[in-house]
Structures are given as structure tokens and as C-alpha cells.
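The values are calculated or read from the model by the stated rules, or taken from the named source; none is laboratory data. Note that the coordinates shown come from a computational prediction; the quantities given were computed from them, not determined experimentally. Because the Cβ atoms are built from the backbone with ideal geometry, glycine has one as well, and the counts that use them run over all protein chains shown. For accessibility, only protein heavy atoms count, side chains too; no ligands or nucleic acids. Shrake-Rupley method; radii C 1.70, N 1.55, O 1.52, S 1.80 Å.
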Amino acid sequence: MMVLSVGVFATSAFAEPNEDRESPRVAAAVGPVGIVVIAANNNIYAFLDRLSDNAPVPGGSVRIKTSKAELILKETAPGVYRAGPFEPVVGHTALTVSVNTTLANGQMVADLVVAPSAPPQTVERRLRPMWYSLGLAAFAGLGFLAWRSRRRHLPPLAGAGTA
């Protein structure tokens, strides 16, 4: 029983944590303006800030060009620009980011790298440690029963050994 209870707890210990992966991102600078481009939630975001003090850079325009589309990002908050829908492909996506602000104008070329996602864990894979524990418990139980049956002393048969 102890092995069985340990096996049930081991199942949860072997389960992989369900953490969100980090969103693909790329960072660069155009003059005194730092740019961070992030692809998340079927959108693409650009964060613009001054490199000297990290203050947001509002009132600019940002365009991102990929091999398949050109996106014009709208300012949603000071220094935060967003466009969508945008779903990056697994692998490398070349981006050309054009920035036009009061502090700097220019372009940067970046490579957005998207790692393949791990396959989802199946029920069979999550329960495998429990089945191993149950098999081990059954094997130990059968071994114990075999050991007990060998240790038992049988009484002599009636009439055996008397002449």
C-alpha cells in the first residue's frame, strides 16, 4: 500500500509544469531610441523608449514589414505600439522595422526567432509513473507471498515415519 501511495504522488511530481513560454522578441536601437518588438497573443507589439533614461517615446509611427505582410502599428499607450493579427511561423522571420519619431528616424533589420512548441503531454505519458508503481507493488506483493509460502512448516503426514 505504501508503494501505491508513493506512486500516486510520484505521478504529480513527474508532471511537467504548465508554464507559458516566453514570447519571441527582438531588440535594437535607432539612434537614441531603443526598440523591442514582441510577437504575442496573435499581435505584434513595439515598445519605444529613450536609451538614456528608458522614458517612453510617444507620438511616433512604426511599420513592420515581413516577407508576407506590412503592418502599421497603432499607438495604444505612450511608447507602446500594436498591430494584428500577426502569427509568426516557427523558425526565423525577417523583420524590417521602420521608426519615425521626434527623436529618431530610421530602419532596422531583425530576425524574429520562434522555437517549436513542445508536444502536449498525453494522459498516457502523465500516468506512466503510476503504472510503473502499480507494477512494482504487484511484483513486490507476489514476491512476499512466495516468500511466506516457503517459510511455512507443514506438519508431518499421519502415519509417515512410524513403523
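Can you pull out the residues in the stretch 60-83 that are among the basic types (Lys, Arg) and assigned to a loop (DSSP other than H, G, I, E, B)?
Step one: list which residues in the stretch 60-83 are among the basic types (Lys, Arg), which gives 63, 65, 68, 74, 82.
Across the stretch 60-83, the qualifying residue is only Lys68.
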Any hit, the stretch 84-98, residues being at positive phi, open to solvent by less than 80 Å² (accessible area, probe 1.4 Å), assigned to a strand (DSSP E or B) and at pLDDT below 90: yes
Within the stretch 30-59, considering residues that are part of a strand (DSSP E or B) and in contact (Cβ under 8 Å) with a residue 60 or more places away in the chain, the one farthest from Thr96 (Cα to Cα): Val33
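Table: residues versus (1) in contact with a strand residue (DSSP E or B) (Cβ under 8 Å, 6 or more places away or on another chain); (2) free of Cβ contacts under 8 Å to residues at least 40 places away in the same chain.
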position	(1), (2)
Ile64	yes, yes
Glu70	yes, yes
Gly79	yes, yes
Arg82	yes, yes
Gly91	yes, yes
Ala94	yes, yes
Leu103	yes, no
Gln107	yes, no
Ala140	no, no
Scope the stretch 99-127; condition in a loop (DSSP other than H, G, I, E, B) and exposed (fewer than 13 other Cβ atoms within 10 Å of the Cβ); matching residues: Thr102, Ala115, Pro116, Ser117, Ala118, Pro119, Pro120, Gln121, Thr122
Subset of the stretch 129-157 (residues that are open to solvent by less than 100 Å² (accessible area, probe 1.4 Å) and either modelled with pLDDT of 80 or more or under 26 Å from the mean Cα position of the chain (by Cα) (or both)): Pro129, Met130, Ser133, Leu134, Gly135, Ala137, Ala138, Ala140, Gly141, Gly143, Ala146
Qualifying positions in the stretch 1-55 - at pLDDT below 85 and of a type in the set (S, T, N, Q): Ser5, Thr11, Ser12, Asn18, Ser23
